[in-house]
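Asker: I'd like to ask you about the structure that follows.
The values are calculated or read from the model by the stated rules, or taken from the named source; none is laboratory data. Quick caveat, the model's predicted, so the values are computed rather than measured. In this analysis, Cβ positions are derived from the backbone assuming ideal geometry, glycine residues included, and neighbour counts consider all displayed protein chains. In case anyone asks, the SASA skips ligands and DNA or RNA and just uses the protein heavy atoms, side chains included. Shrake-Rupley method; radii C 1.70, N 1.55, O 1.52, S 1.80 Å.
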Amino acid sequence: MVIKVFVATVAGSTAIKKKQQEVVGFLEANRIDFEEKDIACNYDNRQWMRDNVPGEKKPKNGIPLPPQIFNEEQYCGISDTAITEEKEKQEEPDTNPPAAQQEEPKTAEEEEEAAVEEEEAAVEEAATEEAEDEATEEAEEEEAEGEEEEEES
């Protein structure tokens, strides 16, 4: 039995970061063996998580956010109370907001969409950086091989 916790090491939302910390902290405190699967740096992990969250458990936009928990292949879900609490805090009106921050409050749905967009942008950025790093390494290896061949000639 392997518990898999899908997390994003590059998370744009504080609510997501807090929830990931809560889940990992709970598992560690209770000495439950688990594997962290990073969806920010590993496309296969991200795709597996998205494909295996049951349809009725996916958010309205269809893209589940981390953390998500699985026992082997069985979906265990995630309590979204921390995310809900974070949204409720953000929706509470500030009695004395500074003049620069007096804009229309966002709805919970808009906040969730913004969090999804931030998360996807961070994941894509991490994937792009990883691909660029790999391309740079390959170019350096080819250059080193070329220099070795010249020295041998």
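Asker: Regarding Val10, is this residue within 14 Å of Gly77 (Cβ to Cβ) and among the aliphatic types (A, V, I, L, M)? Reasoning before the result, please.
Answerer: Numbers: within 14 Å of Gly77 (Cβ to Cβ): no; among the aliphatic types (A, V, I, L, M): yes.
The answer is no for Val10.
Asker: I've got another one for you. Which members of segment 56-78 meet the condition of being open to solvent by 60 Å² or more (accessible area, probe 1.4 Å) and at negative phi?
Answerer: Of all residues in segment 56-78, those open to solvent by 60 Å² or more (accessible area, probe 1.4 Å) come to 56-58, 60-61, 72-74, 76.
The answer is Glu56, Lys57, Lys58, Lys60, Asn61, Glu73, Gln74, Cys76.
Asker: Determine which single condition Thr136 fails, assuming it passes every other condition in (1) under 24 Å from Phe26 (Cα atoms); (2) outside any loop (DSSP other than H, G, I, E, B); (3) at pLDDT below 85.
Answerer: Going through (1) under 24 Å from Phe26 (Cα atoms); (2) outside any loop (DSSP other than H, G, I, E, B); (3) at pLDDT below 85 one by one, Thr136 breaks only (1).
Asker: Quick one: what pairs do we get from segment 40-61, first residue in contact (Cβ under 8 Å) with a residue 12 or more places away in the chain, second of a type in the set (D, E, K, R) and outside any helix (DSSP H, G or I), C-beta under 6 Å, 6+ apart or different chains?
Answerer: Asn45/Lys37
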